[in-house]
Structure formats: structure tokens, C-alpha cells
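Following: one structure in C-alpha cells, then a few remarks.
The values are calculated or read from the model by the stated rules, or taken from the named source; none is laboratory data. Computed from a predicted model, the values in this text were never measured in an experiment. Virtual Cβ from ideal backbone geometry, glycine too; neighbours counted across all protein chains shown. The area values use the complete protein model at the heavy-atom level, side chains included, leaving out ligands, DNA and RNA. Shrake-Rupley method; radii C 1.70, N 1.55, O 1.52, S 1.80 Å.
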Amino acid sequence: MDMVSEIVTDERIRDRRARDLFEAIDDAVFVHDLEGRILDVNPAACRRLVYSREEFLQLTTRDVDAPDFAGNFQERLKQQLALGRLTCEGRHVRRDGRVIPVEINTSTIQIEGKPAVLAVIRDISARKTAERRRAADYAVTHVLAESPTLEDAAPKILEAIGESVGWGFGVVWEVDAKTQVLRCAAVWHGPGVAAPEFEELCRRSVFAVGVGLPGRVWSSGQPAWIVDVGRDDNFPRAPAAVKEGMHGAFAFPVRHGLEVVAVVEFFSREVRPPDDDLLRMFTAIGSQIGQFIERQRISQALKESEAFYHSLVESLPQNILRKNRQGAFTFANQRACSLMGKALDQIVGRTDFDLFPADLADKYRQDDVTVMATGKNLEVVEKHQTPSGETLYVQVVKTPIYDFLGEIIGSQVFFWDVTERKRAEEAVAESERRYRQLTEAALDAIVVADQSGSITLFNPAAEKTFGYKASEMVGRPLTQLMPPEFADMHRRGFDRYVQTRVPHIVGRTVELLGRRKDGSQFPLELSLSAIDVGGELQFQGAIRDLTERNRMRDMVVQNEKLASIGLLSAGVAHEINNPLAYVANNLVVLERDNKALMALLDIYDKAKERLAQVDPASARRAQELADQIDLAYVRDNLDRVLTRTREGVQRVTRIVQSLRGLARTTKPDFEEAHLPDIVDMSLDMIRGRLQRRGISVDLDFGPSPKLRCVTTQLGQVLLNLLVNALQAIESTNRSDGGRIRISSRNQNGEMLIEVADNGTGIPPEHLPKLFDPFFTTKPVGEGTGLGLSISHGIISGHGGRIEVDSRQGEGTTFRIFLPLHANRGNA
């Protein structure tokens, strides 16, 4: 500026050097007096504003200034004269009417002794276009980041773009896929740009392919610009637009892949010529909005011109570097310069080794070489050290740079600070590690599934419960762990929760059926909860196998039933015992009187002939009664009948005593007893049934001391074994009736009691589960599966053991081993 002033004011230098300088300088230079009359211009000014030098000398600055800028001439002149220098931005109008933004630097000079103004003017169209591009791009990005849907984002996008580039009215047209027309999705207008009639028309209008400005853009897939809608032959809304002052218009497509899914349209009250940079800018914005609609990763192809590339990279939030094949930097955006604390000219031409520690620089160089050698992108998270020594985690994307022939000429680096994200990921990883430790140690089965119902975690307790290895189940559907009849119900409930978040079994504890690897089903308790893992919904199920609990619960119920039966037996025994005493006493009287009765009959026999002579009628009546009751049979058998009756009463008495013993509810006491007596007590309970079936019972008791036991409990065990033997023989339908053998002997300080039968026998696969609670091979209604389990518990309580040996089709032998020494256990 000082050199230009010197040249203009010094005639000697001006004659010698002015032309060369004016021809060479790229900035426009104006010299004008205090009235604004142009005194001199350089060739650059002529090129910029499309006037010849002679034409300029006929003009004033007001002729080339935009009207809004020209009106401030006097005020700018006062500032100029007061300060001597003035820098400002303005707008010049070219001869063809195009307005360009400029930066003006002025100084006061003397021309022939009179004050004048020297103005050096730089065209800042590219910078302003870039600023508008950055402002609009940032605004749209901000809106898309905060808006959940396109419907919510559309009016905000219109406002953001319109305010950024100075357009006052905008419309978003959305493609109706069913009817194949464009329909209005949103309308926006800036302050003071109300156009109600035109707005209402836009909301009601629809456009087919190729009709109107929106239809043309939809058809071509390219941005389109109308200088004046009133003069356009294919603009159906022209009358309403012109009536309310709309003139300039442009529209650009919004793409979803290769398909145009919407069109964005803007209007201005000014008549504006096309602007290629704005067209390119809105093409990129349309692509960005289209990517937002399909919710895919933002990916823009940076194959634009160098000027557009620079404006783009300066607006991106990432740090961007470019290097040549030798590793020297050829470009860095402002964000990268700020991060490294250096100006661009301090970075360009240098290498990583000039800017970073040697170990980092070597790694960076190796990554660049790999990218250029393979032609493939590299994406990593790595440590980065700033010039201040601060260590950051940065996300790095390195890509090869191609020339126009397709040859790789360098590498391009995008990187941004992800320190907080990395720390958050490490925290999540640590949390995941602790979570896995907890689930690995949990006694309950823990199964975690994603929204699709695929298993993502299967802890060791789950492996034990279901019989699968975690490697077999991760990635498999949850339905593999449940019976087929529950699978459809599960899918419906699962999908309902994922779609509506309406609780079904989530957040509650329920009892269901599970399925093990071997296909067996079992009852389980499930506590299901929904958790958010990194923004993704996961479902965690805590599962507890209820098989043993249910067994114990059923056993308690059965024991309660048995206890009730015992109490009932005690009551029945008590009720039977009283009348039984009457019967027994009466039998004693009958047996006593029977002898006198027989003697009386003997006397009658001797006197019946005399009675016939004395009282024939009574004699005949006596004979009829004797014949009727078969007196001879009665005299021969009455004594035997009374004896059998007495034996029956005695047997009933023993059964009643056994029932009362079984019904005892107090803690039983150990006492000494003879095994034959206990066996006889047990046989009394089923002797009639054995006799009816023709089953013989062989007894073989070896010499043995008395047993110390709870007689009622040991009798219950023997009764259970006898009943099982009887039923096993009954199921064979033997013609010979069958046989049960009960024997005992001393063996190694123990008493061995055997109960053997020649019934059906037990299948080998059932033997391991024979003493499990509720296991039975009998038909429904004939067994509870508790007899042998209770017997096992009684024998164990006596300090002994019970074993079984069986051959299918031949019979079964149960062996009871009881200690002969004093037993102090509790039954």
C-alpha cells in the first residue's frame, strides 16, 4: 500500500515504474478525489469490474459501489480524512450487474497538491462464498444432530440455510412413493418476508416429474436456478410469487443413495444471477440431508476443485493433513494448525520427524507407507502428543491420494480427539469386566440376549443348569432353552416389549419351563430385566432351577398328607378299639356259656322222646327248629367258630395297634425288639391280600440278638418292601401265585435283612433313581414315588443302608444292613 502511494504521488517514479506495477498487481487499485470522481485505475480493476480505463475516468465511486454501500460514502470519507487510513468491506457492481464482495484498504495521498484517496481493493467473493458455505453447513449439521426426524428437522433446515445465505422463503418437497408426486413437507419464511398467499399455494400444490422447479430438479437430480420466476415458462406458481415479491429461486435435490427422495427450494425478492459455488454447496447439503434420512455414516466424496476442497475441510470439525509420497506435509486445515500450535507455513514442507517425537513420527510414517502401498484406508485409535506434551487419544483415518491418472501421490489424514470417548470405552470395558466376574461367580444361571433374541452371555451356572457350553450358545436364539410350545409365546412377548416398551415379563419374576441339552424339561424361576448397553437394549435373565425346590415342596405336601392319614388312622384305631373290646368280652361270655349250652342239648336229646309223649306239639316245634338250624352241625362246629372268631378279633386288635404305632406324632424312641415280631406286625397288614392272591411267604431268620430300633419305622420299611413285592408279583399274572422270602443273618457286625420276590424285576435304567423322591414306575394312582425314598431315609437314620439287586423278568431283592451295636442316631 505504501509503495503504491509513493508511486502514484512521485511523478518521477510513476513515469518509470507505474505501468509495470499496475499491470502486475492482482488487486484492483482506484484513485479518486474527495468528491468520489475516479482519477486513475489499474488493469486489474478493469478486469474485475469489466470497464475500460477510459470508461472508469467518466465514473465516480458511487457508480461502481452497490447502492447500500454507496450511501455511506461521505461518512467513510470523513473517517478516511480523520485517520489517514481506512479498511472496510464493501460491495462493487460489475458492468454486467453482478455484485461482488470486496475488501477495501484506503489511504490519503496528494495529487498535484490536492488531497485524494488511494483505494486497494481485493475481491473476497471466494472467501464470502466459503463463509456462507461454512455457516450453512454448520447450521444444517447442527440441526440434523439435534432433530430426531426429518419432519422435525425440515423447517429448521430451511431456516438455517435461508438465514446463512440470505434467502427469505423456503419449501421442502417430499416424494410420495405411492402416488409418485412431490408434496409439501415444510414451509419457512424469514422475518419481514411474509407471503401468505404464496405460502398457502405451496402447501396445497403437488408436482409431477418435470413440472415446475421442484419437478425439474426431481427429474434431473441436479440443482436448478431461476433468475426471475416471473419470466420462467415452467413455473405454475409464478403469478402468486410475483404478486408477493418473489423473484429469484433455486432448488436442489435430497438423495437417498442414487434416488431423489426430496427437493429443497428457496426464493428471494431480489433477481439474482446463478452462483456456481452455491449450487455446489447445496448439492453437498442435499447429500447430507439424504444421508440423515437413511441414517447412514456420513461419507462425502472430496473430489471437488481445490478451492471447494479447502472451503470444505476448513468447515469440518476434524483435523486434516495431506502429505506427499516423501512424507512432507502439503496441507493442514486451520483446526490441525491450532492443535499443533503452528501456522500453516510452519507445517507445509516439514515431516512428522520435524513435529513429533521420534517414536510417534516413525509410526506415522510406517502407517503412511502402508496406506500408499496397499491403496486401502487405515482407521485406528492411537495416542498423539501435542507440542505442549499433552497426550491425547485420537481417531485416525488415513486414505491414499490419487492424481488424475489414478496414481497414488500421497496420503491424507483425518484425525480428531476421542480422549473422552476412549476413557468412556475403558470405563465401559472395566465395567464389563467386573460384570462378567460377577456373572461368572453367580450361583444362578445368567443369560443375556440382544434385541433380536440372540444370546450374548452364558455364564458357568447356565452351562451347569442347561447342559450347554457357552461356546455352543453365544449367538444362538433364546428359544433353544425353552420347550417348543413356549417359543412362539416368547417371540410375541419379546417383540412386543422391544417395539412398545410395554412390560410383559420384564421386571418381574415368573415361573416357566426350561429345556436342557438332552431335551428334558424342568421348572425354573426367571427374573428378567432390560438394560441399556452402549445405547443398545439388552435383556438379562437370572434363572434358578426349581426342580429340587419343587421336589422338596411336593415331599412336604405328601408328608403332610401322610401325617393327615396318620392322624386319621389314630382316630379310626381309637374308634375301632372300643367296639372291638365289646366283641372280645362277649366272645369270652359266649365261650363260657357254650359248654353249658352243649350240656343242655345233651339233656334235651335224652328227654325228647318223653317230651313227644307228654307234649307232642312242643316236641314237633323243637324238632322243626333243630332241623332249621342244622343242630347237629352247630353242635359239631360252634366251638370251632367261636375259636376262629376270637382269632379274628385278636388279628384286628394287632392291626389297630399297628395303625396306632404308625400314627404316633411324638419323636420316636429307640427300643430293643426282635426282628420276627416286627416282620409279623408288617405281614398282618397285608396277610389277607397275600392269601387271596395265593402268594406264599417264606421266613428264614437266623440267630440274632435284639435290634435297637424304632419298631414302627422299621415296620413301615418292611411293609413298603412287602407291598412292592406283592405288586411286582401281581403284575406277572403267575399261575403258581408267586413267592416272597424274608430272611436275616449276622454279617460283619451288621444284621442283614433281605426281602426277595419273584416278580417282574426292575429295568436297569431305573435302578440309579429308585430312591429319588417321587420316582415311580407304577401307573398313575398306584404309587407316589415316596415309599422307597422314605424307607431310605429311615434306614439312614438308623445308621444303616439299603441296597437293591434286580433282574428284569426274574425278581428283585432288597437288602437292609443295620448295625448291631447301640444306635444313637435319630430316626
Label zone at E425 (point 7 Å along Cα-to-Cβ), backbone N below 19 Å, segment 311-338
318-319
Amide proton proximity set for R91, modelled H, under 5 Å, gap of 5+
A66, V102
Give, in nm to one decimal, the length gained when the segment between S743 and L378 is fully stretched (0.36 nm per residue of separation minus the Cα-Cα distance).
122.7 nm
Share of accessible surface on carbon and sulfur in segment 365-423, whole %, 1.4 Å probe and ligands ignored, is 52 percent
Heavy-atom surface of segment 111-212, accessible at 1.4 Å and reported per residue (Å²):
47 Å²
Please find the FRET efficiency linking S125 to F486, where r is the Cβ-Cβ separation and R0 is fixed at 56 Å, and quote it to the nearest 0.05.
0.20
Where a Cα-Cα gap under 22 Å defines reach, which lysines qualify for K78, not counting those fewer than 8 residues away within the same chain?
K114
Applying 1/(1 + (r/R0)^6) with R0 = 22 Å to the Cβ-Cβ distance of V804 and T547, what FRET efficiency is obtained, to the nearest 0.05?
0.40
Rounded Å value of the spacing that divides the Cα centres of segment 725-762 and segment 231-251
110 Å
Can you give the three extents of the C-alpha atoms in segment 575-651 along their principal axes, from longest to shortest, in whole Å?
53, 19, 17
Rank these residues by their accessible area, most exposed first, probe 1.4 Å: W173, W416.
W416, W173
Taking a cut-off of 28 Å between Cα atoms, list the lysines near K464, but don't count ones fewer than 8 places away on the same chain.
K517, K769
Estimated inter-spin distance, A135 and M598, nm [label 7 Å along Cα→Cβ]
13.9 nm
Would you list, by chain and number, the aspartates and glutamates whose Cα falls below 19 Å from the Cα of K606, excluding same-chain residues fewer than 8 positions away?
D615, E624, D627, D630, D636
Taking 0.36 nm per residue of separation between S219 and R644 and subtracting their Cα-Cα distance, the length gained on full extension comes to 141.3 nm
Nearest-0.05 FRET efficiency for A24 and K114, computed from C-beta distance (R0 41 Å)
0.90
Taking a threshold of 30 Å on the Cα-Cα distance, which of the pairs K156/K398; K128/K422; K156/K422; K342/K398; K323/K422 fall above it?
K156/K398; K128/K422; K156/K422
If we sort 354-362, 751-759 on the protection proxy, mean other Cβ atoms within 10 Å, highest first, what's the order?
751-759, 354-362
For segment 218-289, the per residue accessible area (1.4 Å probe, Å²) is 42 Å²
Mean Cβ neighbour count within 10 Å, used as a protection proxy, ranking 58-71, 616-629 highest first:
58-71, 616-629
